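Below is one structure, written out as structure tokens; the observations come after it.
The values are calculated or read from the model by the stated rules, or taken from the named source; none is laboratory data. Every value quoted in this text rests on a predicted model; they were computed, and no experiment measured them. Reconstructed Cβ throughout: ideal geometry from the backbone, glycine too, with neighbour counts over all protein chains shown. Each accessible area value is taken on the protein alone, full model and side chains, heavy atoms only, with ligands, DNA and RNA left out. Shrake-Rupley method; radii C 1.70, N 1.55, O 1.52, S 1.80 Å.
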Amino acid sequence: MSVNNSYPKTTNETVLAYAPGSAERQALIAELGAQQSVVLDIPAVVGGKRITSGDTGTVTAPHDHAQQLGRIHNASAATIDAAIGAAIAAQRDWSHATLAERSAVFLKAADLLAGPWRARLNAATMLGQGKTAYQAEIDSACELIDFLRFNVQFAHELSAMQPISSRGLRNHLEYRPLEGFVYAVTPFNFTAIGGNLAIAPALMGNTVLWKPAATASLSNYLFMELLEAAGLPKGVINFVPGDPVAVSNAVLARPELAGIHFTGSTAVFDTLWGEVGRNVSRYRSYPRLVGETGGKDFVLAHPSADAETLAVALLRGAFEYQGQKCSAASRAYIPASLWPQVRERLVALVETIRMGDVTDFTNFMGAVIDRRAFDRIHGHLQRASQDSSVKVITGGRADDSVGYFIEPTVLQVDNPRHTLMETELFGPVLSVYVYADSHWPEVLALVDSTSPYALTGAVFATDRAAIAQAADALRFAAGNFYINDKPTGAVVGQQPFGGARRSGTNDKAGSALNLLRWVSPRTVKETFVPAAEYRYPHMAD
Ligand code: NAD
């Protein structure tokens with residue numbers, strides 16, 4: 001990788017407002033209409049070729065499950081093999097392209113997405129993944145643009161990290177890609193994550209087989225088309241929708257598997273890791289395993305917290321995008337002295353939330369992603385309603401007659417180790433435990449030990465000593481820790497994202513730390529005038 005520092009310095013993409021009458025709103029409305037009037041074919045893209053199949057699935061709108069948006073062509077065994085072959089074949093040329101050449105593709109993609117492709121990606125994310133205009137804008141526009149641009153900046157900064165050379169010799173670290181191909185397995189909930197899991201290894205010179213989540217395949221396919229429009233060479237990223245088990249089994253059996261870039265549930269990552277472990281001796285190199293997984297993210301309030309801003313943070317943290325963010329606030333610990341005020345404010349605010357069709361811009365929430373998610377969350381709500389140790393503070397109902405709608409729900413539990421405080425529900429459900437003010441030290445230990453995850457968490461307090469205590473006691477309870485802010489909304493370049501324990505390998509998407517996982521550096525030492533004598537001076541007679 002050659003050093004070339006002439007790349008544009010990056011700042012975060014500005015979030016557009018979509019206010020009534022704005023140009024961006026008009027463009028988005030036009031694009032929503034266009035996408036709702038067709039059923040887009042979503043083929044595999046292998047070595048630049050579109051491959052359809054007789055085995056199809058559908059993408060439907062979560063807010064209106066009768067509305068079909070896309071027809072997914074699930075990859076056959078032959079297509080999966082062809083995709084692996086295309087990735088391996090493309091590696092030589094791509095890994096020999098300079099960082100500047102590779103960067104140009106992704107910088108162009110960023111500008112296309114910031115400009116002419118913005119409405120298209122946002123509309124697909126709204127319709128296919130059930131996001132409001134704002135939630136789509138911060139995901140499929142701003143975060144993805146930031147990933148494209150900041151990765152380029154970080155890659156250049158890494159390439160400038162070089163060892164010292166002393167007189168008579170030159171040392172150099174060559175940031176080679178991994179040998180083989182990278183398997184990107186991506187989640188439904190962020191178009192930006194889908195894209196980033198494929199482009200981060202590719203920027204570092206790797207070639208990729210990208211398996212999208214079926215429910216996100218509309219926006220993900222459009223992003224694949226955008227990368228092609230930006231000049232990504234054929235075969236560098238191969239887009240392979242299909243049965244996750246069939247694709248994974250074929251990929252993990254290959255000796256050329258060099259790495260897995262995964263975001264999704266803990267259970268699936270465990271399965272992939274287990275399979276790699278079973279196959280380990282057949283791989284040419286030890287595969288890099290990078291996985292960002294589940295969360296049970298906390299909000300802890302100290303008695304000194306401000307009740308008003310806490311209520312707003314709980315609402316936004318728990319209910320934006322229907323609670324389907326890995327970082328969503330899903331367990332809260334509120335002191336008894338503050339609870340009446342927080343409850344009253346929270347309930348009053350939640351009752352004003354408008355939920356419905358995401359193309360109606362007055363809505364704050366849409367539906368959950370699919371039937372499986374609806375049934376899972378609804379099941380939890382039904383059990384909660386019959387559990388005498390759980391009080392429904394607000395919400396609790398669900399309606400799947402048109403779309404997969406779950407009311408924003410606040411539950412109060414008596415038992416701080418109730419399953420509602422431990423299990424990731426991945427829906428608009430906030431569980432609250434009210435603690436005696438004097439039990440602050442015990443509550444710190446409780447928050448730390450209740451869930452197996454350690455992704456995000458927030459402390460609300462005005463007392464600085466309490467903030468310091470919480471930051472220390474909860475040092476390993478969250479990879480992204482917030483003080484007087486909601487635990488969601490990490491921004492690329494500002495809050496590198498990821499958690500430990502059962503939340504993943506914490507390789508911090510949106511930072512140089514992540515890019516480091518996709519290189520296998522070669523150290524090169526050149527001696528200018530090699531020794532002509534083997535004996536050392538101390539050996540003289
Ligand atoms: P998921 O685990 O169901 O799916 C993720 C991907 O794995 C999809 O592409 C899916 O098709 C594939 N998959 C499913 N079963 C598989 C199998 N048996 N073998 C191989 N691949 C398989 O997750 P999801 O529902 O798409 O996303 C929600 C989950 O993702 C939540 O747990 C959430 O916390 C997590 N998430 C984590 C982060 C993070 O940064 N930590 C970010 C976003 C989402």
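Leu148 fails exactly one of the following numbered conditions: (1) open to solvent by 10 Å² or more (accessible area, probe 1.4 Å); (2) free of Cβ contacts under 8 Å to residues at least 60 places away in the same chain. What is the number of that condition?
(1)
Name the residue, out of Val413, Val447, Val402, that is within 20 Å of Ala311 (Cβ to Cβ) and touching a residue at least 40 places away in the same chain (Cβ under 8 Å).
Working: Val413 fails: touching a residue at least 40 places away in the same chain (Cβ under 8 Å); Val402 fails: within 20 Å of Ala311 (Cβ to Cβ).
Every option except Val447 fails the conditions.
So, in region 462-491, how many residues would count as being more than 28 Å from Ala509 (Cα to Cα) and not in a helix (DSSP H, G or I)?
Looking only at that region, the number is 2.
Output yes when any residue across region 326-337 is open to solvent by 10 Å² or more (accessible area, probe 1.4 Å), within 16 Å of the ligand (Cβ to nearest atom) and part of a strand (DSSP E or B), and no when none is.
Checked against the condition, which is being open to solvent by 10 Å² or more (accessible area, probe 1.4 Å), within 16 Å of the ligand (Cβ to nearest atom) and part of a strand (DSSP E or B), region 326-337 yields at least one hit.
Read through the list (1) in contact with a Pro (Cβ under 7 Å, 6 or more places away or on another chain); (2) β-branched (Val, Ile, Thr); (3) under 28 Å from Ser337 (Cα atoms); (4) within 16 Å of the ligand (Cβ to nearest atom), then give the number of the only condition that Thr409 fails.
Among (1) in contact with a Pro (Cβ under 7 Å, 6 or more places away or on another chain); (2) β-branched (Val, Ile, Thr); (3) under 28 Å from Ser337 (Cα atoms); (4) within 16 Å of the ligand (Cβ to nearest atom), the lone unmet condition for Thr409 is (4).
Filter region 255-295 down to residues that are in contact with a strand residue (DSSP E or B) (Cβ under 7 Å, 6 or more places away or on another chain), open to solvent by 40 Å² or more (accessible area, probe 1.4 Å) and within 30 Å of Arg331 (Cα to Cα), then give me how many there are. Quick ask: steps written out before the conclusion?
As a first pass, look at region 255-295 and keep what is in contact with a strand residue (DSSP E or B) (Cβ under 7 Å, 6 or more places away or on another chain): 256-264, 269, 272-273, 276, 283, 285, 287-295.
Remaining after also requiring open to solvent by 40 Å² or more (accessible area, probe 1.4 Å): 273, 285, 288.
Filter once more, so that each one left must be within 30 Å of Arg331 (Cα to Cα): 273.
Here the count works out to 1.
Of Gly493, Gly504, which residue is away from the ligand (no atom under 11 Å from the Cβ), closer than 27 Å to Phe150 by Cβ and either aliphatic (A, V, I, L, M) or at pLDDT 95 or above (or both)? Give the derivation first.
Details: Gly504 fails: away from the ligand (no atom under 11 Å from the Cβ).
Just a single option satisfies the conditions, and that option is Gly493.
A quick yes/no check of all residues on (1) within 16 Å of the ligand (Cβ to nearest atom); (2) more than 27 Å from the chain's Cα centre (by Cα):
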site	(1), (2)
Asp370	yes, no
Phe374	yes, no
Arg383	no, yes
Phe405	no, no
Glu422	yes, no
His439	no, yes
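Could you count how many residues in region 527-541 are within 30 Å of Glu157 (Cα to Cα) and either open to solvent by less than 100 Å² (accessible area, probe 1.4 Å) or among the β-branched types (Val, Ile, Thr) (or both)? Full working, then the answer.
Narrowing region 527-541 to residues within 30 Å of Glu157 (Cα to Cα): 527-528.
After this cut, where a residue has to be either open to solvent by less than 100 Å² (accessible area, probe 1.4 Å) or among the β-branched types (Val, Ile, Thr) (or both) as well, the list is 527.
So the count comes out to 1.
Among Ile164, Ile193, which is open to solvent by 20 Å² or more (accessible area, probe 1.4 Å) and in a loop (DSSP other than H, G, I, E, B)? Spell out the reasoning first.
Working: Ile193 fails: in a loop (DSSP other than H, G, I, E, B).
The conditions single out Ile164.
Just one of Gly479, Gly498, Gly489 is open to solvent by 20 Å² or more (accessible area, probe 1.4 Å), touching a residue at least 12 places away in the same chain (Cβ under 8 Å), at positive phi and of a type outside the set (S, T, N, Q); which is it? Break it down stepwise before answering.
On the way: Gly479 fails: at positive phi; Gly498 fails: open to solvent by 20 Å² or more (accessible area, probe 1.4 Å).
Testing whether each residue is open to solvent by 20 Å² or more (accessible area, probe 1.4 Å), touching a residue at least 12 places away in the same chain (Cβ under 8 Å), at positive phi and of a type outside the set (S, T, N, Q) leaves just Gly489.
Any residue at all in region 303-319 that's buried (at least 24 other Cβ atoms within 10 Å of the Cβ) and either within 19 Å of Lys211 (Cα to Cα) or among the acidic types (Asp, Glu) (or both)?
no
Tell me which residues, restricted to region 60-80, are assigned to a helix (DSSP H, G or I) and over 18 Å from Ala198 (Cα atoms). Please lay out each step first, then the result.
Kept after step one, since they are assigned to a helix (DSSP H, G or I), are these residues of region 60-80: 77-80.
If the condition is that a residue be assigned to a helix (DSSP H, G or I) and over 18 Å from Ala198 (Cα atoms), then Ala77, Ala78, Thr79 are the ones that fit.
Could you check how many residues of region 262-296 are in contact with a Pro (Cβ under 6 Å, 6 or more places away or on another chain) and under 16 Å from Tyr183 (Cα atoms)?
Final tally of qualifying residues: 5.
Which helices (runs of 4 or more DSSP H) sit wholly inside region 359-461 and have at least 1 residues that are at pLDDT below 95 and open to solvent by 10 Å² or more (accessible area, probe 1.4 Å)? I'd like the intermediate steps shown before the answer.
Numbers: elements: 371-385, 419-422, 440-450.
Fully inside region 359-461 and qualifying: nothing.
Which one is nearest to the chain's Cα centre (by Cα), of the residues in region 239-254 that are open to solvent by 50 Å² or more (accessible area, probe 1.4 Å) and either polar (S, T, N, Q) or more than 18 Å from Pro212 (Cβ to Cβ) (or both)?
Result: Asn249.
Kindly indicate the residue of region 170-190 that is open to solvent by 10 Å² or more (accessible area, probe 1.4 Å) and assigned to a strand (DSSP E or B) and also farthest from the ligand (Cβ to nearest atom) among those meeting that condition.
Ranking the candidates gives Arg170 first.
List the residue pairs whose Cβ atoms are under 7 Å apart, where the first residue sits in region 365-381 and is over 18 Å from Lys131 (Cβ atoms) and among the basic types (Lys, Arg), the second is surrounded by 22 or more Cβ atoms within 10 Å (Cβ to Cβ) and at pLDDT 95 or above, and the two are 6 or more positions apart or on different chains.
Every condition considered, the pairs that remain are Arg371/Tyr404.
Which one is nearest to Gly498 (Cα to Cα) among residues in region 464-476 that are touching a Pro at 6+ places or on another chain (Cβ under 9 Å) and buried (at least 18 other Cβ atoms within 10 Å of the Cβ)?
Quick first cut of region 464-476, residues touching a Pro at 6+ places or on another chain (Cβ under 9 Å) only: 466, 469, 473.
Applying the additional criterion that residues be buried (at least 18 other Cβ atoms within 10 Å of the Cβ) yields 466, 473.
Numbers: Ala466: 25, Ala473: 19 Å.
Applying the filter and picking the extreme gives Ala473.
Is it the case that region 503-518 has a residue that's part of a loop (DSSP other than H, G, I, E, B), touching a residue at least 24 places away in the same chain (Cβ under 8 Å) and open to solvent by 100 Å² or more (accessible area, probe 1.4 Å)?
no
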